[in-house]
Each structure stands twice: as structure tokens, then as C-alpha cells.
Amino acid sequence: IADLDQFLKHYQPDTPVQLVAHSFGASVSGVYAGIRPERIEKFVNIDAYGAKPGAGPEALKHYRRWLRRINRGAPEHQYASWAEFEKRLQHMHPRMPAERVRYLAHHWAQEREGRIVLTHDPAHARNDGMDLTNRLDEAMAAWRAVEAPTLILLARQGGAVFRAPDLTPGATGPERFGCFRNRREIWFEDSGHMVHIERPAEVA
């Protein structure tokens, strides 16, 4: 949240911003939009439903897993060839046409010493920080404070649906999204969580 605040301060310090975010980024952005409502002109949430319920007695397991992952370090994902990486992307996103898979492959990875290596920070693959630091009641309080018009894009085969078993009583999807006072919801019937790359034209 602090990183986002500084980022927006640097690039657009004097006027409210139009903020578009996906997944964990949209969860962070939704909280930010409630903390600093005067900074947000419009907010687009792409397939994010916010924090998981509190872990309760399971929290110790989460913290132990987190420490084990920190000690192991973040593995760097590598592939033997572009074809192997493209095959992996196609498996992960079966609705994408082959030409888009090829386009994304060459933007998400680079060739290094004969191997295809993802360009993202491998530490980002760990979601422990989200599991351990998010507070659902605090997130929902922030969403109620959002003043900007909010567009919520949801995928039928995406995160907000398939993670629904995590939702606690009193915090189902409609109850969560209902916190946004000025909202509009659009469902993508044939899309997974990465709706912006599976259905880019419709999202745009």
C-alpha cells in the first residue's frame, strides 16, 4: 500500500488517478482506494475478492510454512526451449490462441545461457504475505470508504469463484462486493483468472 502511494505520488501527484489492477494488486488497490479516496477517480478491480478469512488456529502452520519458504529461497523457473515454455503457458491458459501465447512468452521470459528464464521476481510466487497480513474486516471497512466509481470484472473460472470455499459466513462474494457503494459488476463467462490476457479486447 505504501509502495502504491509513493508510485502514484511520483507519477501523478496533483490529480486523482484512474487505477486498474488485477488479483493481489487489485486487493491492495481496493484497500488503498478506501484509505485515500481523494486520490482515486475511478477504480477497476479485475477478478480479486480481497483477503482470505483469518487463519485462526491454523495461523501457526502458515507462519511455519512461510519461514520454510524463506529459508529455501525462491526457485527460478527455467525451461529448455521457447516451445517448452509456450506449451506450459498454453496448458495454464487453454483459452488463449497460439499467437497470443507466443507473444506473451517472449514478454514474460528471456533466453539466458541456452535456457528460457522467467523475468519476474521469483519471490512474487509466494503468497504468504497476503495470507498472513491481510485482515478481511479491515479490507471491507476500506471498501466501504471508497468513493470512486468501481468496475468489478469477474471470471466464471477465475479466482473469485474457485476460491469461494474460503469465504466466511457474512463475507460471501455479493456481501464483499456490496461494500463498494458505486459499483458495476461484469462477468466473463468463459475466462480464467487471467481475464485481461484471455479476453483482452472485452476487458478493454
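The values are calculated or read from the model by the stated rules, or taken from the named source; none is laboratory data. Values in this document were obtained by computation on a predicted structure and should not be read as measured data. Neighbour counts run over all protein chains shown; Cβ positions are idealised from the backbone, glycine included. Side chains are part of the model used for accessible areas, which takes the heavy atoms of the whole protein and leaves out ligands, DNA and RNA. Shrake-Rupley method; radii C 1.70, N 1.55, O 1.52, S 1.80 Å.
Data table
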| quantity | calculated |
| --- | --- |
| Criterion (open to solvent by 40 Å² or more (accessible area, probe 1.4 Å), part of a helix (DSSP H, G or I), on the phi < 0 side of the Ramachandran plot and modelled with pLDDT of 90 or more) met by exactly one of ALA105, ALA141 | ALA141 |
| Test result for HIS124, open to solvent by 30 Å² or more (accessible area, probe 1.4 Å), at pLDDT 75 or above and not aliphatic (A, V, I, L, M) | no |
| Those residues of the range 23-62 which are more than 22 Å from GLU147 (Cβ to Cβ) and touching a residue at least 60 places away in the same chain (Cβ under 8 Å), in sequence order | SER23, PHE24, ASP47, LYS52, PRO53, GLY54, ALA55, ALA59, HIS62 |
| Hits in the range 1-53 - residues which are under 17 Å from the mean Cα position of the chain (by Cα) and of a type in the set (Lys, Arg) | LYS52 |
